[in-house]
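Before any comments, here is the structure.
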Ligand code: BTN
């Protein structure tokens, strides 16, 4: 894929900026990166906090053809690519907490947000994959302090956004090519190897807590409640022990 990277000093959200460009016809591979977001978005309606110049804040426009609704798979793919790229380029042992948190030593280093848009006909128009990575923070707001980390805290040195963007885009491109050719099945093993195991319990939509035992070729998490049968889960929340309920990062 050819990437066309547009760098902004600040924006409301790189997701919103790229949605505007996508609606105006921007091609797959258009990338928006910003030093600061005034209204960064996390998953499930959470705010994504940043300190200007301290984070990688980037969104990538994808226009996959073929079967509908690949957004959950693309967000798993994004998490895998970011974790692999950070380990390869910086040497941090990055793991994935389902669905797509990037953790090192049980602290959140980054997150992925996939937002899909479909036409009235149901045809998928685009998926915007947002990636946030904490680079140079040495302090976090109170509610994140015990749960977040940054590359600087992990390595003791500063990291420029461009130094991590190139490996992330390269790795993403390779994994996206494999996904287009073979679906999530082509990534399943690599994803599962990198996932936190045992991960935290997963809260099902009906409120019960389940334990992840595998991921399938469609990218669904296979979980079990007690000794019960396997249940396929496409979205949900890991339970963070002792974590305050909001805001999340
Ligand atoms: C999460 O909740 O873990 C996902 C966070 C995703 C944050 C990134 S930062 C770049 C892009 N723009 C946004 O507004 N959000 C995503």
(Q) I need the full set of residues from region 56-73 which are buried (at least 17 other Cβ atoms within 10 Å of the Cβ) and either within 10 Å of the ligand (Cβ to nearest atom) or at pLDDT 90 or above (or both), in order please. (A) 56, 57, 58, 59, 60, 61, 62, 64, 73
Q: Within region 191-217, track down each residue that is in contact (Cβ under 8 Å) with a residue 24 or more places away in the chain and buried (at least 16 other Cβ atoms within 10 Å of the Cβ).
A: 191, 194, 195, 199, 200, 201, 202, 212, 215
**Q.** Considering residues of region 2-55 that are in a helix (DSSP H, G or I), modelled with pLDDT under 95 and near the ligand (Cβ under 8 Å from one of its atoms) only, the residue nearest to residue 135 (Cα to Cα)
**A.** 43
Q. Scanning for something in contact (Cβ under 8 Å) with a residue 12 or more places away in the chain and more than 18 Å from residue 49 (Cα to Cα), does region 136-157 turn up at least one residue?
A. yes
(Q) Among the residues in region 118-131, are any in a loop (DSSP other than H, G, I, E, B) and within 16 Å of the ligand (Cβ to nearest atom)? (A) no
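Every residue, every condition in (1) closer than 24 Å to residue 191 by Cα; (2) crowded, with 18+ Cβ neighbours inside 10 Å, yes or no:
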{"site": "44", "(1), (2)": "yes, no"}
{"site": "52", "(1), (2)": "no, no"}
{"site": "90", "(1), (2)": "yes, yes"}
{"site": "99", "(1), (2)": "yes, yes"}
{"site": "105", "(1), (2)": "yes, no"}
{"site": "114", "(1), (2)": "yes, yes"}
Q) For region 74-103, how many residues are touching a strand residue (DSSP E or B) at 6+ places or on another chain (Cβ under 7 Å) and either within 11 Å of the ligand (Cβ to nearest atom) or not in a helix (DSSP H, G or I) (or both)? A) 15
Q. What residue, of 44, 63, is in contact with a strand residue (DSSP E or B) (Cβ under 9 Å, 6 or more places away or on another chain) and at positive phi?
A. 44
Q: With the condition kept exactly as written, say whether any residue in region 137-158 is within 16 Å of the ligand (Cβ to nearest atom), in a helix (DSSP H, G or I) and either under 17 Å from the mean Cα position of the chain (by Cα) or on the phi > 0 side of the Ramachandran plot (or both).
A: yes
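The values are calculated or read from the model by the stated rules, or taken from the named source; none is laboratory data. All values reported here derive from a predicted model rather than from experimental measurement. In this analysis, Cβ positions are derived from the backbone assuming ideal geometry, glycine residues included, and neighbour counts consider all displayed protein chains.
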